[in-house]
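Below: one structure, written as structure tokens.
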Amino acid sequence: MTLDRFSGVNAGYVLELYEKYRQDPQSVDAATREVFDSWAPADAVIQAPPTPSVTAPGGAAPDLHVVVGAANLAESIRRFGHLAAQLDPLGSAQIGDSTLFPQAHGITDDQLRRLPASLVGGPPAEHSANAYEAIEKLRRVYCSTTGFDIAHLFVPAERAWMREAAESGRYLPAMDPLHAEALLDRLTQVEVFERFLQRTFTGKTRFSIEGLDMLLPILDEIMVGVAGTGTRHMMLGMAHRGRLNVLAHILEKPYAQILAEFKDPIAVQMLRLDLGFMGDVKYHAGGTTESRAGHMWVSMAPNPSHLEAVNPVVAGMARAAGTLADRSGAPMFDGAMTLPVLIHGDSAFPGQGIVAETLNLSRLDGYHTDGTIHIIANNQLGFTATPGESYSTSYASGLARGFKIPIIHVNADDPAACLEAARMAWEYRARFHKDFLIDLVGYRRHGHNEGDEPAFTQPVMYKHINSHPTVRELFAASLVKHGTVSQDVADGLVKKHFSVLEQTFAALKPEEDFVAPIPTPAAPGLAAKTQTGVPIELLRDLNESLLSTPDGFHVHKKLERLRDRKRLMLANTGERTVDWGGAEELAFASILAEGTPIRLTGEDVQRGTFSHRHAVLHDAETGVEHVPLQQLRQARGSFEIHNSPLTEAATIGFEFGYNMQEPAHLVIWEAQYGDFINGAQIILDQFVTSSRAKWGLKPSLVFLLPHGYEGQGPEHSSARPERFLQAAADINLRLVNCTTAAQYFHVLRRQAALLEKDPLPLIVLTPKSLLRHPAVSSTPQELTEGHFRSVLDDTDAVARAKNVRRLVLCSGKVYVDLIGHERRASATDVAICRVEQLYPFPNVALREVLDRYPSLAEVAWVQEEPSNMGAWEFMWPRLEELIGDRCGLRYIGRARNSSPSEGSSAWHQVNQKMLVELAFDLKADMLAPSVVWSKPMRSFATATAKK
Ligand SMILES: Cc1ncc(C[n+]2csc(CCOP(=O)(O)OP(=O)(O)O)c2C)c(N)n1
Ligand SMILES: [Mg+2]
């Protein structure tokens with residue numbers, strides 16, 4: 001026999017086994033030893049004398065191709081057995097695989113019977129008389145109602161654990177029994193809940209779980225299992241399907257409340273439009289409860305219709321819950337206390353990109369949660385779409401393979417198999433601290449929602465479903481058959497659960513039972529009153545700490561020069577020595593000293609896109625890192641800063657979740673360029689800006705969005721402030737565009753001060769080229785005094801206020817272009833005022849400014865963005881109201897356009913120059929009160945440049 005007769009991976013396996021035997025015959029089991037005693041592969045023959053004869057247990061010589069064939073067959077079953085598993089309760093054909101049969105390996109059942117079971121290995125071999133028996137046991141493990149899809153695991157210990165766990169049956173109820181009647185009771189409760197709602201509110205949308213009822217016992221099993229390992233908080237994220245059932249039975253949301261929501265009363269307490277509270281449909285609600293089972297806290301993140309968008313939010317919540325941040329240095333994370341569980345749809349999981357984005361966070365330093373348990377609630381349909389229309393992978397779970405996540409496909413009609421999957425999931429997570437996926441394969445008993453007719457599009461499938469018994473019926477029948485419970489007991493459970501619901505419904509007082517999570521309003525004017533100056537002594541002290549490095553640390557030469565400048569930064573309180581980066585670092589340091597932990601993430605944030613931050617220093621010789629803000633002796637809160645992966649939606653979703661869970665931390669996300677934030681538009685629209693109105697949440701995370709027209713083209717100019725302004729209502733966010741380092745310092749400090757008292761998301765449009773511009777720098781004194789100011793009037797125009805005929809209002813970088821223009825000095829009839837806070841609209845401050853200029857003929861809003869972008873369309877009606885008939889209102893800026901800016905830098909400069917010149921261009925006709933402000937003119941700049 002020579003090696004050329006070997007085939008497949010198992011040639012390697014046999015040789016490996018043989019090598020083990022050669023080095024120490026005792027290291028293999030007795031039966032294998034017996035085979036190898038009388039056989040050696042050709043290569044080994046070179047070193048060892050040839051064995052004259054081969055004697056098998058039955059007396060006949062086992063042919064090597066049979067040995068290899070048996071080993072190959074066993075390995076095929078272990079790897080691909082799931083392809084032959086009966087996963088579909090409706091009985092559709094399995095994918096199948098020819099290598100699961102002896103013939104594919106050139107062997108027969110008889111030959112297998114003549115081989116020792118030990119060739120198959122693992123627990124099935126232990127009590128088997130021969131390889132055939134062991135293979136049959138293996139087949140029962142891998143090709144039954146569970147499919148173990150684990151061959152893609154790259155860590156041998158994980159693969160070995162999974163195989164051993166599967167093959168030993170350790171987690172099957174036979175070995176780890178369950179209380180059968182209790183399970184039947186639970187399944188009855190789940191089913192009756194849906195049937196009652198169907199009967200009582202026929203046709204009303206509830207997204208019934210029926211067909212995937214085992215989801216609930218799986219969650220029970222996970223919850224009780226992890227509670228035993230010390231986990232105290234389970235955080236759930238899920239879409240519509242089965243959500244009401246999970247809310248009722250896992251989060252223990254009272255039936256009365258759910259039924260009241262079906263009644264949909266306009267409850268008195270809900271009418272809080274003054275707070276912008278609008279509520280949401282019942283199957284989007286979240287909540288937190290202390291569950292009776294296992295004394296666990298269970299939270300369900302509220303979620304929008306946008307499928308899978310909640311995934312990173314839950315991950316962020318779990319990360320925050322496990323983070324200890326109340327001391328200086330880096331925060332400490334321990335994932336053991338919190339378990340995130342995400343329930344996905346079988347169409348949404350492969351279809352929505354945010355799923356991959358979130359999975360990609362799962363092993364990253366700044367994001368991991370020590371493992372999330374994923375469950376695909378696989379009803380084999382996505383609305384009307386079939387699996388063939390929904391994914392290119394073999395299974396809905398295919399994506400998880402790339403992330404080396406163990407996958408168990410399980411038939412939702414087999415309760416024991418489902419519970420085994422649940423047990424393996426939490427054990428694996430506890431052991432390896434990584435994600436796990438259960439693909440729960442069932443069906444959808446009704447249409448996509450309960451008003452839909454599924455037979456329009458799936459007539460054959462629904463013929464099957466209509467005659468298919470429920471899992472409760474199947475389980476009850478099997479228990480009755482085995483004498484575990486009587487039919488009377490099973491029927492009694494149905495009656496019991498119906499009667500609980502009927503009684504609750506009879507006693508329902510919809511208006512009282514309806515509970516709305518209305519947000520509490522902040523004290524009026526709190527933000528404006530918040531003083532944020534820091535004494536110069538403390539600033540100097542903090543600066544000194546920030547500038548110290550460990551002994552022998554080699555700072556990069558160019559950075560050392562920068563740091564030398566920082567050493568002098570606070571020496572003269574009247575000099576403009578504090579630039580943007582310096583102000584930010586001092587703001588962070590002072591916030592940490594006050595005890596507020598900070599988490600800052602985004603692409604390349606450690607250095608900063610424009611090399612302006614350097615929050616992490618790298619020893620120029622050894623590469624060792626030093627994070628000054630983590631070495632701050634004055635700090636009373638932790639500081640963490642992570643370069644995020646190249647992801648917007650999931651990273652912002654993650655920070656949103658983190659912020660929700662730990663509202664007392666200052667959570668900041670920075671965009672590479674502001675433009676890229678629209679990659680997370682769903683998270684912004686569905687969570688950040690609307691969660692207050694829908695769910696009564698109070699997010700307070702911060703966005704730093706580089707913004708400004710500098711000729712870098714359409715994709716590096718605009719952070720799309722208009723999108724935030726469109727979503728701005730009922731004081732749901734703050735949008736600022738600071739033009740000085742001191743303003744940035746104060747707005748960060750104000751945000752930290754208001755985190756709990758008046759939380760709102762803060763969007764800061766930040767500079768790019770201006771980061772080091774002298775016009776943006778501030779004096780140390782400006783940091784020591786005062787507060788963030790929503791409007792900065794023209795200090796140069798104070799003495800000539802009476803002569804001012806045009807008040808230019810602008811925001812952000814264009815201000816620097818305006819004051820730097822040659823006509824600025826001679827344009828004594830023009831005052832330039834900066835609107836530093838775009839929302840909430842600074843009504844009072846702007847009125848004060850207007851009142852300072854008695855001779856105004858016109859207010860001109862000057863912006864760099866096209867008229868349909870930037871702040872103009874938001875400002876227009878508000879300024880109109882503010883100005884009244886006092887004077888005209890004019891728009892000066894780029895013309896309406898579909899793209900944010902010109903592609904050519906030269907073209908940009910022409911337009912930019914023209915719009916700045918227009919700001920000073922007081923032609924007589926423009927000043928006449930008859931100027932029709934309501935027709936924003938096409939910018940000359942653009943018109944000219946287009947010629
Ligand atoms: C991002 C997004 N796109 C489209 C929809 C509309 N929609 C709602 S449910 C659904 C089908 C979802 O199928 P699946 O993920 O299998 O979940 P199931 O409803 O079957 O439980 C679709 C397309 C949505 N809610 N979210
Ligand atoms: Mg589906």
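Taken over the stretch 70-129, the criterion of being in contact (Cβ under 8 Å) with a residue 60 or more places away in the chain, within 30 Å of Ile465 (Cβ to Cβ) and part of a helix (DSSP H, G or I) is satisfied by Phe80, Gly81, His82, Leu83. Of the residues making up the stretch 155-213, just one is open to solvent by 50 Å² or more (accessible area, probe 1.4 Å) and in contact with a Phe, Trp or Tyr (Cβ under 7 Å, 6 or more places away or on another chain), namely Lys204.
Here is a yes/no grid of residues against (1) at pLDDT 95 or above; (2) within 12 Å of ligand 2 (Cβ to nearest atom); (3) touching a Ser or Thr at 6+ places or on another chain (Cβ under 7 Å); (4) among the β-branched types (Val, Ile, Thr):
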residue: Gly351; (1), (2), (3), (4): yes, yes, yes, no
residue: Ile376; (1), (2), (3), (4): yes, yes, yes, yes
residue: Thr386; (1), (2), (3), (4): yes, yes, no, yes
residue: Ser390; (1), (2), (3), (4): yes, yes, yes, no
residue: Ala396; (1), (2), (3), (4): yes, yes, no, no
residue: Ala416; (1), (2), (3), (4): yes, no, no, no
residue: Leu419; (1), (2), (3), (4): yes, no, no, no
residue: Ala425; (1), (2), (3), (4): yes, no, no, no
residue: Phe432; (1), (2), (3), (4): yes, no, no, no
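The residues of the stretch 798-827 that are open to solvent by less than 60 Å² (accessible area, probe 1.4 Å), of a type in the set (D, E, K, R) and within 50 Å of the chain's Cα centre (by Cα), listed by number, are Arg806, Lys813, Asp817, Arg824. When each of Ala430, Ala416, Ala425 is tested for being in a helix (DSSP H, G or I), open to solvent by 40 Å² or more (accessible area, probe 1.4 Å) and closer than 18 Å to Tyr171 by Cβ, the lone residue that passes is Ala430.
Does the stretch 94-105 contain any residue that is aliphatic (A, V, I, L, M), at pLDDT 70 or above and either open to solvent by 30 Å² or more (accessible area, probe 1.4 Å) or touching a Cys at 6+ places or on another chain (Cβ under 6 Å) (or both)?
Of the stretch 94-105, the ones aliphatic (A, V, I, L, M) are 95, 100, 104.
Pick out the ones that are also at pLDDT 70 or above and you get 95, 100, 104.
Cutting the leftovers down to either open to solvent by 30 Å² or more (accessible area, probe 1.4 Å) or touching a Cys at 6+ places or on another chain (Cβ under 6 Å) (or both) gives us 95, 104.
Yes; the residues of the stretch 94-105 include at least one that is aliphatic (A, V, I, L, M), at pLDDT 70 or above and either open to solvent by 30 Å² or more (accessible area, probe 1.4 Å) or touching a Cys at 6+ places or on another chain (Cβ under 6 Å) (or both).
Contact map, the stretch 809-831: first residue within 20 Å of Tyr853 (Cβ to Cβ), second residue among the β-branched types (Val, Ile, Thr) and part of a loop (DSSP other than H, G, I, E, B), Cβ cut-off under 6 Å, separation 6 or more or different chains; pairs are Tyr815/Thr739; Asp829/Val804; Ala831/Val804. Pairs linking a residue in the stretch 747-762 that is closer than 11 Å to Leu733 by Cα to a residue that is in a helix (DSSP H, G or I) and open to solvent by less than 10 Å² (accessible area, probe 1.4 Å), with Cβ atoms under 6 Å and 6 or more positions apart or on different chains, are Pro761/Val688; Leu762/Gln751.
Within the stretch 324-335, if we keep just the residues that are in contact (Cβ under 8 Å) with a residue 40 or more places away in the chain and part of a loop (DSSP other than H, G, I, E, B), the residue that is most open to solvent (accessible area, probe 1.4 Å) turns out to be Arg327.
Within the stretch 586-614, being more than 25 Å from the chain's Cα centre (by Cα) and aliphatic (A, V, I, L, M) holds for Leu586, Ala587, Ala589, Ile591, Leu592, Ala593.
What helices (runs of 4 or more DSSP H) lie completely within the stretch 440-515 and have 1 or more residues being under 16 Å from Ser208 (Cβ atoms) and within 16 Å of ligand 2 (Cβ to nearest atom)?
Details: elements: 459-467, 471-481, 487-506, 510-513.
Where helices (runs of 4 or more DSSP H) fall fully within the stretch 440-515 and carry at least 1 residues being under 16 Å from Ser208 (Cβ atoms) and within 16 Å of ligand 2 (Cβ to nearest atom), they are 459-467.
If you check Val764 against the conditions, is it at pLDDT 95 or above and under 21 Å from Pro524 (Cα atoms)? Steps first, answer last, please.
Values: at pLDDT 95 or above: yes; under 21 Å from Pro524 (Cα atoms): no.
Taking the combined requirement at face value, the residue does not satisfy it.
Of everything listed in (1) in contact with a strand residue (DSSP E or B) (Cβ under 8 Å, 6 or more places away or on another chain); (2) within 16 Å of ligand 2 (Cβ to nearest atom), the single unmet condition for Gly329 is (2).
The set of residues from the stretch 395-410 being away from ligand 1 (no atom under 15 Å from the Cβ), touching an Asp or Glu at 6+ places or on another chain (Cβ under 9 Å) and open to solvent by 10 Å² or more (accessible area, probe 1.4 Å) comprises Arg401, Phe403, Lys404. Within the stretch 828-840, if we keep just the residues that are surrounded by fewer than 21 Cβ atoms within 10 Å (Cβ to Cβ) and not hydroxyl-bearing (Ser, Thr, Tyr), the residue that is farthest from the chain's Cα centre (by Cα) turns out to be Asp829. For the stretch 315-323, check the following and say yes or no: at least one residue is among the basic types (Lys, Arg), within 25 Å of Glu648 (Cβ to Cβ) and either more than 16 Å from ligand 1 (Cβ to nearest atom) or surrounded by 18 or more Cβ atoms within 10 Å (Cβ to Cβ) (or both). Yes, the conditions are met somewhere in the stretch 315-323.
Residue by residue through the stretch 524-549, note down the ones that are open to solvent by 50 Å² or more (accessible area, probe 1.4 Å), touching a helix residue (DSSP H, G or I) at 6+ places or on another chain (Cβ under 9 Å) and under 30 Å from Lys694 (Cβ atoms). Once the filter is applied, which keeps residues that are open to solvent by 50 Å² or more (accessible area, probe 1.4 Å), touching a helix residue (DSSP H, G or I) at 6+ places or on another chain (Cβ under 9 Å) and under 30 Å from Lys694 (Cβ atoms), the stretch 524-549 yields only Ala528. Would you check if there is a residue in the stretch 639-660 being open to solvent by 10 Å² or more (accessible area, probe 1.4 Å) and over 17 Å from Leu364 (Cβ atoms)? Looking for residues that are open to solvent by 10 Å² or more (accessible area, probe 1.4 Å) and over 17 Å from Leu364 (Cβ atoms), one finds at least one in the stretch 639-660, hence yes.
Identify the residue in the stretch 305-314 that is within 16 Å of ligand 1 (Cβ to nearest atom) and under 20 Å from Pro663 (Cβ atoms) and, among all such residues, is farthest from the chain's Cα centre (by Cα). Give the derivation first.
At the first step, the residues of the stretch 305-314 found to be within 16 Å of ligand 1 (Cβ to nearest atom) are 305-313.
Among the residues that remain, those that are also under 20 Å from Pro663 (Cβ atoms) are: 310, 312-313.
Values: Val310: 6, Pro312: 1, Val313: 4 Å.
That would be Val310.
What number of residues within the stretch 569-596 are at pLDDT below 95 and in a helix (DSSP H, G or I)? Result for the stretch 569-596: 0. Answer yes if at least one residue in the stretch 355-362 is open to solvent by less than 50 Å² (accessible area, probe 1.4 Å), within 15 Å of ligand 2 (Cβ to nearest atom) and within 30 Å of Thr323 (Cα to Cα), and no otherwise. The answer is yes, given that some residue of the stretch 355-362 is open to solvent by less than 50 Å² (accessible area, probe 1.4 Å), within 15 Å of ligand 2 (Cβ to nearest atom) and within 30 Å of Thr323 (Cα to Cα).
Applying a threshold of 6 Å to beta carbon distances and a minimum spacing of six or more residues, or different chains, the list of pairs starting in the stretch 152-170 at a residue that is among the small types (Gly, Ala, Ser) and ending at one that is open to solvent by 60 Å² or more (accessible area, probe 1.4 Å) reads Gly169/Met175. Answer yes if at least one residue in the stretch 662-669 is under 16 Å from the mean Cα position of the chain (by Cα), within 16 Å of ligand 1 (Cβ to nearest atom), closer than 27 Å to Gly286 by Cα and open to solvent by less than 30 Å² (accessible area, probe 1.4 Å), and no otherwise. Checked the stretch 662-669: no residue is under 16 Å from the mean Cα position of the chain (by Cα), within 16 Å of ligand 1 (Cβ to nearest atom), closer than 27 Å to Gly286 by Cα and open to solvent by less than 30 Å² (accessible area, probe 1.4 Å).
In the condition set (1) assigned to a helix (DSSP H, G or I); (2) at positive phi, Asp796 is compliant with all but (2).
Could you check, for the stretch 138-147, whether at least one of its residues is under 31 Å from the mean Cα position of the chain (by Cα) and crowded, with 17+ Cβ neighbours inside 10 Å?
Looking through the stretch 138-147, at least one residue is under 31 Å from the mean Cα position of the chain (by Cα) and crowded, with 17+ Cβ neighbours inside 10 Å.
Before we move on, is Leu570 out of contact with any helix residue (DSSP H, G or I) (no Cβ under 8 Å at 6 or more places or on another chain), among the aliphatic types (A, V, I, L, M) and over 27 Å from Leu90 (Cα atoms)? Talk me through it step by step, then tell me what you get.
Values: out of contact with any helix residue (DSSP H, G or I) (no Cβ under 8 Å at 6 or more places or on another chain): no; among the aliphatic types (A, V, I, L, M): yes; over 27 Å from Leu90 (Cα atoms): yes.
Here the answer is no, as Leu570 does not meet what is asked.
The values are calculated or read from the model by the stated rules, or taken from the named source; none is laboratory data. Since the structure is predicted, the reported quantities are computational estimates derived from the model, not experimental observations. All Cβ positions, glycine included, derive from the backbone under ideal geometry; neighbour counts span all protein chains shown. In case anyone asks, the SASA skips ligands and DNA or RNA and just uses the protein heavy atoms, side chains included. Shrake-Rupley method; radii C 1.70, N 1.55, O 1.52, S 1.80 Å.
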